[in-house]
Amino acid sequence: MTQTAQPAEGHQQHPLTVYLWIWLLLFVLSAFSYMVDYFHVQGMLRWTLIIVFMLLKAGLIVAIFMHMAWERLALKFTILLPPLCLLVLIGFMAIEGDYTFLTRGAAFVR
Amino acid sequence: MAHHDHAAALPPLKQVAADYAADKQAFPVPWGKAMMWIFLVSDTFIFTCFLTGYMNVRISTMDSWPNPSQVFGLHLFGTEVPLLLIAIMTFVLITSSGTMALAVNYGYRKDRRNTVLLLCATAALGAMFVGMQAFEWTKLIMEGVRPWENPWGAPQFGSAFFMITGFHGCHVTGGVIYLLVTARRVASGFYDRKGTYETVEVAGLYWHFVDLVWVFIFAFFYLW
């Protein structure tokens, strides 16, 4: 994606076509994720498709529109690594939610 | 303890000031951009906490979760179109992200007129998004959705919905104001005198982030 010469520090000047292509791609991906719902795709396939389209869209926005792809590695690390610890929170809360659900089942459905 | 550099010999608070004010820079980007990125990281944590809380109550509830596809469907021309309003809102926000990216691009070309026009277009699309969200909230409140109850199932649906979309809507509203202030500054020639339009890119970072958060809300709250 980044054959363009490294721009001057902190200066993000890229050809207009890059933005227009990404813009179009975001439209197409959004249409795909809406279609997942419109055509009632269910189960594992639905969740997989939702996550894939979501990550593709998020990646394009951060990398191209927010220029992260052209930033230096130190800034990429500083911004993109700390949110990874949120995965721990999500994991714990999923386990905790399952536990609460089972406890409620044991307590109320007897 | 014999070999100190001169900063260590200063009284503690002077030393802190000397360290923070020292002439060193970690990231070779405009300071506003670094600060905006750090703010956005903190905002990422806030929105993730909301979405994680939503995930937790949705997993743990004993009642069935209301089907968002129907709840957010619109009745048009005698047929029920699932999730229509949300789909339109998604496209409006993505369109605004595109115009924002172009505004930043024209800013770096020092094209004042087009930058202002594109910033105003972005703000207008953002305002349109907030308007549709107000319509959606009104519709749901009329149908009896409250933070503690709703007609279709798990009572946690309402609190998750109002918290997550409300907080995001506040971000969009703030962003519209931010963009209009920036557009006014561009129009006044402020950045031409300053010699750089990088502040437009900083505003763009915030706006793209608002779109980014919507990508996650759309996937996890509306489609899941």
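List of remarks:
- Point-to-point label distance, B:Met142-A:Phe39, nm (Cα→Cβ direction, 7 Å offset): 3.4 nm
- Using Cβ point charges alone (K and R +1, D and E -1), the dipole size of chain B about the Cα centre works out to roughly 740 debye.
- FRET efficiency for B:Ala134 and A:Thr48, using Cβ-Cβ distance with R0 set to 25 Å, rounded to 0.05: 0.15
- Spin-label model distance (nm) - B:Asn114 vs B:Lys24, 7 Å beyond Cα toward Cβ: 4.2 nm
- Chain B: DSSP helices with Cα axial extent of at least 27 Å and average Kyte-Doolittle hydropathy no lower than 0.0: B:31-60, B:84-108, B:112-142, B:156-187, B:198-217
- If R0 equals 41 Å, the separation of the Cβ atoms of A:Leu25 and B:Ala17 corresponds to a calculated FRET efficiency of about 0.30.
- Cβ-derived FRET efficiency at R0 25 Å, B:Thr173 paired with B:Glu149, nearest 0.05: 0.40
- From the C-alpha gyration tensor of the stretch B:58-101, square roots of 5λ in Å: 27, 19, 4
- Remark: relative contact order (chain B) = 26 percent; criterion is Cα-Cα distance under 8 angstrom and separation of 6 or more residues.
- Dividing the convex hull volume of the alpha carbon atoms of the stretch B:60-193 by its residue count gives 121 Å³ per residue.
- With Cα atoms, 0 to 90° folded angle of helix A:86-108 axis to chain A main axis: 20 degrees
- Interatomic Cα distance distribution for chain B, bins of 10 angstrom, percent: 7, 26, 25, 18, 13, 7, 2, 0, 0
- The distance linking the stretch B:185-204 with the stretch B:90-125 is 13 Å (Cα centroid to Cα centroid, whole angstrom).
- Relative contact order of the stretch B:51-102, defined on C-alpha pairs under 8 angstrom at six or more residues apart (%): 20 percent
Readers should treat all values here as calculations from the given coordinates under stated rules, not as data from a laboratory. For clarity, every value in this text was computed on a predicted model and none was experimentally measured. For neighbour counting, all protein chains shown are included, and Cβ atoms are generated from backbone atoms with ideal geometry for every residue, glycine included.
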